[in-house]
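Data block below; observations after.
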Amino acid sequence: MLKTGRYYGYPECCIKQLIHDCDIGIKFVDRKNRLKASKNGFVPCSKHADLINNNKIKISSIIKNRLCSQPFEKISFKLI
C-alpha cells in the first residue's frame, strides 16, 4: 500500500493514516469527513481532509512527485 500511494503521489501522512486505519480495522464508513474530501480513490488524512472540506486547499495541490503517467484528475474509479 505504501508503494502504491507513492506511485500516485499521495502525501506520506495520508498513506500512513490509511495503513494505520486498515491495520486497526477502521472501516470507510467510520471516516466520513475524510471520504467527503476524497476523490478518485484518494482518501486524505484527517488534517488534509479538514483543509479540503473547508476549501483551504485542493487535492491536486497535495499530490506531488507522481510516478503514474496519467494526471490525477483524469483517473476515475468505479465503486461497486
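Of all residues in region 7-27, those satisfying the criterion of being surrounded by 16 or more Cβ atoms within 10 Å (Cβ to Cβ) and part of a helix (DSSP H, G or I) are 14, 15, 17, 18, 21.
Applying the selection to region 54-67, what residues are assigned to a loop (DSSP other than H, G, I, E, B) and loosely packed, with under 14 Cβ neighbours inside 10 Å? Talk me through it step by step, then tell me what you get.
Initially, region 54-67 is screened for residues assigned to a loop (DSSP other than H, G, I, E, B), giving 54-58, 63-67.
Within region 54-67, 54, 55, 56, 58, 64, 65, 67 qualify.
FYI, it's all coordinate maths here, none of it is from the lab. Quick caveat: nothing in here was measured; it's all calculated off a predicted structure. Because the Cβ atoms are built from the backbone with ideal geometry, glycine has one as well, and the counts that use them run over all protein chains shown.
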